[in-house]
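Reading through the structure tokens given below for one structure.
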């Protein structure tokens, strides 16, 4: 048949429903087709390749006088039939004794048309051969293919179809409170994934709209489903029978929930499972093996895949080629490089599917163990280089810990617990204690230490002693002093029988606990013992920390010259070892200079320590340094600088859940208010701080005397009756209310604002463009927090964190959602949904006792007294970063 018999205009089907989003993609693709002959839209099943190609065809129909033609290959399994399928769609009749491809080329040679070849992956080689001939013989033809892997023909441009745009984690539950204004809702609805859900849901339930009540769940659903259009449409279809809240509650079992779709759609698109099954069945056997094994990762490098996934079935030398094939077939995503190494990940839906295949193959336990062992060895190697002099440069130490922090460490811990492997679990805990302190997951760390220490299993003495000491450090940071003493005592007692590990860490914690109890002589004796033990074991790191603790004790005892000598000795040992220890020594020098009333030297030392702590994102210590800077600025009469530093310090204390730090911050801002003669604010804050002190222990005599001196003028100006009334008002404020009031009252006029940094920028390790509304510099936001404690006036270093800041982003708030750890944020969302402790335990696969402990921690951190108040708090928050962190993204 000749070309003249080819019908014009094409055969594009009418669109079955409204096309949502992809405006930018369509514009970019249209521009590409002006300059390229062949364009392949690649992506995993359900990502919307066919719909995008069809929409592109309709958009460009006017530019192709000979039409836009769609040829589908979903039901074609015989590669030999590919040319005939295209010829039939175009109305080209095959000629006897002549290849169909030659007939097609002749028929289309002079035509200006757009040919869309849909679902090419299972006959990709045949289509590639045909496309090559069409491109060479038909100069006015443009070709668009949709496939889960490229055609790999000359002149082809591959376009990776991205997921629909998603709201940030900040737009989940707390970013859409019950009182949300239209702007907040519009911000969520502007994202393509949300728009698609709303459009499809409204088609089934007329009048369905985004509201403050369902918004958080819709946003979370779209994020959980990775912005994959098929999954979102299937989820939206469930609104016929379920509320959005019910859909969100069941989405963890997404393959069962999303198992009913459009009966008229191709079978591979009717359910989410069918879509992923289709991709999996097209893989070679070895590609299937690697894909299912990769499910143990959340993200990985090539080296990690080679070490964990290779065996006799697929050797390490083949991993790269197989991984590249999985990338080509849109099942593995290539991420940004980390320290020069490419990183990869699976979409959550693909990972969940691959994990079921791993279990079905009987390999689940084996590769979970391999993954755990790899991470354990990796993090122990990093820790082994981190606390020795002349080891890795400080910048490299930070990079390595950032890299380790991104791995699926929770899975490694869970596997160790599931298999009752106490030794591996305690080694993991000991290696991770630094990350837990920096990232604000002290409560999480304490829980893991407790689980593994309670296992009835033999553990080498050196492993148990070290775990007891580091568990004591976490308990001290958490202000659980009885538990800290119990663990430290046990470690030291065990050491007296089996001297396989240096006991200096336990002795140092016991010294700091004695200092807090006011037992100065005992405290100094224990610190001296810690120094001696570290020297016996030639452990310069522990010796340096012990000297810092000893110096702090001497400073509190007013033996300032002796304290100076101890700090100097500590700094000499710690320099060239680890920046965390150096920063603690510098902070100690700052406190020593304050004791000598040398404010200029104190500011210099605090600022030097602050810079190091900022590099880590170590918010607890940053808060202490900023508090010191603020108090000195207040004493020097620089109220603007004092406001900036004290406000940021309080924000960080809230973000890390430090009740003692919050109390001290309220006291410092009370003193600032008194200096401004804002007497009402000063005395209210005094009352709020006193109420908080009642729950954690009274002020020392020195602290009480200093506060009385600062606030005496305010009391005199107000009069006794007014002061008593304001104190009572302050005592009735919750922690949440007190901090909100303090930061709002502290904010000076814009002309007075002084950034905490001399350059006015955001501090290293923290983001710009976000943060809290307060007197401190915009952007000085903090990461997801802990209930970490405070080593108080001792200034003693406890743990030695090196890991990332996990910085906060999103809308501003005075009481950030990051006051809670990742797990506590997850549980707060479940409380807001009305779940009981048992229901929470069932949902998160934890014990009811663990759930109850988390709920108690949430109540304590927020200063609330009931679950109803927690629920109200969750829907009232606009703080950035509050989301359900069920899986890393």
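Every number in this text was worked out from the coordinates using simple rules, so none of it is lab data. Only a predicted model underlies this, so the values are computations on that prediction, with no experimental measurement involved. In this analysis, Cβ positions are derived from the backbone assuming ideal geometry, glycine residues included, and neighbour counts consider all displayed protein chains.
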Ordering of 283-294, 661-672, 597-608 by burial proxy (mean other Cβ atoms within 10 Å per residue, highest first): 661-672, 283-294, 597-608
Extension gain from residue 186 to residue 88, taking 0.36 nm per residue of separation minus the Cα-Cα distance: 30.6 nm
Subtract the Cα-Cα distance of residue 396 and residue 36 from 0.36 nm times their separation in residues, and report this length gain in nm to one decimal. 125.2 nm
Protection proxy ranking of 687-697, 153-163 - average other beta-carbon atoms within 10 Å, highest first: 687-697, 153-163
Below 8 Å, C-alpha to C-alpha, sequence gap of six or more: please give me the relative contact order for region 3-160 in percent. 34
Fully extended contour minus Cα-Cα distance, from residue 129 to residue 839, at 0.36 nm per residue: 249.9 nm
So, relative contact order of region 519-616 in percent, Cα under 8 Å, 6 or more apart, is 21
Spherically averaged projected area in nm², based on the convex hull that wraps the Cα atoms of region 510-591: 4.8
Highest first, please rank the peptides 408-418, 142-152, 59-69 by the mean number of other Cβ atoms sitting within 10 Å of their residues. 142-152, 408-418, 59-69
Relative contact order %, region 624-710, counting alpha carbon pairs below 8 Å whose residues are six or more apart: 22
Under a point spin-label approximation (7 Å from Cα along Cα-to-Cβ), what is the residue 385-residue 63 distance to one decimal in nm? 5.1
Taking a crude spin-label model, label points 7 Å out from Cα along the C-beta direction, the residue 522 to residue 419 distance in nm is 4.3
If R0 = 51 Å, then residue 482 and residue 165, at their Cβ-Cβ distance, give a FRET efficiency to the nearest 0.05 of 0.50
Spacing of the two label points (7 Å from each Cα toward its C-beta) at residue 286 and residue 411, in nm: 2.3
